[in-house]
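One structure is given below, encoded as structure tokens.
The values are calculated or read from the model by the stated rules, or taken from the named source; none is laboratory data. Every value quoted in this text rests on a predicted model; they were computed, and no experiment measured them. Cβ sites come from the backbone with ideal geometry, for glycine too, and all protein chains shown count toward neighbours.
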Amino acid sequence: MIDGITVRILGDFGPFSSMGKSISYQITMGQSIYLIDCGAPLFQQIGSQGLKDIKGLIITHCHDDHKRWFTDLALFNMYAPDISQKVFFLTSEDIHSELIKASGPALDRSLSNDSKNIIDIACEEYTDYRIIGPRANYRIVSVDEGGGKTALYIIDDNGNFVGPDIAKIVISDKTKRPRMLFKDPDYKEWVEPESFYPFSSSIFYEEDRNIYNAPEGFTIEAVKSPVWHGIPCVGIKITTDRETLIFSSDTVNDNELWRQLYTEKRVQRLKMSKEEFESAAVIFGDINDYIERIWGEARYRSAINAFNDAIVIHDIAARNSIVHTDYERLKNTSLKKEKVILTHSLDGITSEWVLCDAGKSFKISGDAFFEMVGDEPYPMNADIYHKEGGRYFVGYKNEEGRYSVYEKDGLLRLSTEGGPGLGPPLYKVDMYEDISGRYFPKLEEENAMYLERRDGRVELIEFTGEGSRGRIVKDHRAGLLKGCGT
């Protein structure tokens, strides 16, 4: 039996952070090690030897902060002299297609072994791709019509051409990208099927969900319904005998928004007569002029129940991010605070929900999670979590605490002296700096700092006009109970 799931945070900052550690997680189940996303500097953090132990790579979507090191990892496995296997690679059908397009300039050509010829290289020579998530029953294909001409058509899963009464192609004036418009047989409305249907839909997707069953006894599954990010994107669900862990990936998680997406009927803005529209197989313009509903009810129902009974690693933003969940909107989700670890945050965030941090390791055991400090599991029982300047802090409520917690515009703020517009404090806390999972009182003096020594002990260094002096300081974590400072 697998003894829980361990998640090592390689990078959890957003793409615009000065910390430079974009999204990547190292997941261990028994003896199996996988990467979910590869936006963090893998060679620096894991090293070439550690990368050789990675059993597989899972990509949630094609934004660079999630897949930046994909081509380097593929090239490393191809050309490192002591590696014989390709990158074992898991993702959905749509994301795989997008990733191949994005990676082509780096991977699809090289020199022959004698350096005399420029050769073409197929992506299959780099990766052992395994689909997760169902294949679509309908797809847009390019057909050679002879004479150097090609045309776009929609075909079904049997290779039959689909008429414009069932599906149409809308080609964007801005990007020239073709997108599919589909007539839902139940609603009798035109929808974009990739957005409208959950993976469980037999109308648009094959029944086979392509869940990866690992020989070691766990499963890896693509989750689509609660993931709303603009580009093709999936969450990842890992299940063992006792644990369920979901990486929600980048998404706007908001039950109020989701309900609007499936209940609002939109009026088409046709640029032609109704008869011309109905008979057209290809349309040039904005697909949003023709979509009559964004989500179906089946996707909505699936989305709001997607995280039941799971530990969730969920992305977060301050406010107005458009494509992520704003902190103040967490109350509008079905997420449970005691089951969630927030990731993808910018520097300077204060949260009552547990925050990720690059370098931390969490152990999911049954229906709970703990931070692993060495071999010891610790509950994340602080009242406040705070990231600032690349450092991680925790706060425990104390009526005599030095710091006050305020709420302004839906965001939490810390202050020792209040400030204009902050209003009355919510409560006071003692703050501790987290150093490798150990807690030390937050320093206020500019002439002092903590230093983690090579032997693992932490030293408080104080600087004076005559020089510096240091002393070993104790870890307060074991003595901190929720709501009590020591």
Filter result (of a type in the set (A, V, I, L, M, F, W, C) and surrounded by fewer than 21 Cβ atoms within 10 Å (Cβ to Cβ)) within the range 216-251 | Ile231
What do you reckon, is Ala151 of a type in the set (A, V, I, L, M), more than 25 Å from Phe89 (Cβ to Cβ) and without any contact (Cβ under 8 Å) to a residue 24 or more places away in the chain?
-> yes
Tell me, which residue of the range 382-398 that is loosely packed, with under 15 Cβ neighbours inside 10 Å and of a type outside the set (Asp, Glu) is farthest from Thr244 (Cα to Cα)?
-> Gly389
Which residue out of Val227, Val252 is closer than 30 Å to Gly30 by Cα and of a type outside the set (S, T, N, Q)?
-> Val227
Among the residues of the range 411-418, is there at least one that is under 29 Å from Asp326 (Cα atoms), of a type outside the set (A, V, I, L, M, F, W, C) and exposed (fewer than 11 other Cβ atoms within 10 Å of the Cβ)?
-> yes
Criterion (closer than 16 Å to Gly11 by Cα and touching a strand residue (DSSP E or B) at 6+ places or on another chain (Cβ under 9 Å)) met by exactly one of Asp347, Asp326 = Asp347
Quick one: which strands (runs of 3 or more DSSP E) lie wholly within the range 66-121 and hold at least 1 residues that are in contact (Cβ under 8 Å) with a residue 12 or more places away in the chain and surrounded by 12 or more Cβ atoms within 10 Å (Cβ to Cβ)?
-> 87-91
For the range 68-110, which residues satisfy the criterion of being at pLDDT 95 or above and under 15 Å from the mean Cα position of the chain (by Cα)?
-> Leu90, Thr91, Ser92, Ile95
What tally of residues in the range 304-320 results from selecting those that are at pLDDT below 90 and out of contact with any strand residue (DSSP E or B) (no Cβ under 9 Å at 6 or more places or on another chain)?
-> 0
Test Val323 against the stated conditions and say whether it is farther than 30 Å from Ser201 by Cβ, assigned by TED's automatic domain parsing to the domain that holds Ser249 and of a type in the set (Val, Ile, Thr).
-> no
Considering the range 365-380 alone, what residues qualify as being farther than 15 Å from Arg477 by Cα, in contact (Cβ under 8 Å) with a residue 60 or more places away in the chain and part of a strand (DSSP E or B)?
-> Ser365
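Residues are listed down the side, and each one gets a yes or a no for (1) part of a loop (DSSP other than H, G, I, E, B); (2) farther than 24 Å from Gly389 by Cβ; (3) free of Cβ contacts under 8 Å to residues at least 12 places away in the same chain; (4) of a type outside the set (Val, Ile, Thr):
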site: Glu433; (1), (2), (3), (4): no, no, no, yes
site: Glu445; (1), (2), (3), (4): yes, no, no, yes
site: Leu451; (1), (2), (3), (4): no, no, no, yes
site: Arg454; (1), (2), (3), (4): yes, no, yes, yes
site: Ile461; (1), (2), (3), (4): no, no, no, no
site: Gly470; (1), (2), (3), (4): no, no, no, yes
site: Asp475; (1), (2), (3), (4): yes, no, no, yes
Scan the range 403-415 for residues that are outside any strand (DSSP E or B) and touching an Asp or Glu at 6+ places or on another chain (Cβ under 7 Å) and jot them down.
-> Gly410
Taking the range 166-188, which residues are touching a residue at least 24 places away in the same chain (Cβ under 8 Å), of a type in the set (D, E, K, R) and crowded, with 17+ Cβ neighbours inside 10 Å?
-> Lys168, Arg179, Asp184
What tally of residues in the range 23-44 results from selecting those that are surrounded by fewer than 17 Cβ atoms within 10 Å (Cβ to Cβ) and in contact (Cβ under 8 Å) with a residue 60 or more places away in the chain?
-> 2
Evaluation of His344 against (1) under 20 Å from Val405 (Cα atoms); (2) at pLDDT below 95; (3) not hydrophobic (A, V, I, L, M, F, W, C) (one fails), failing number = (1)
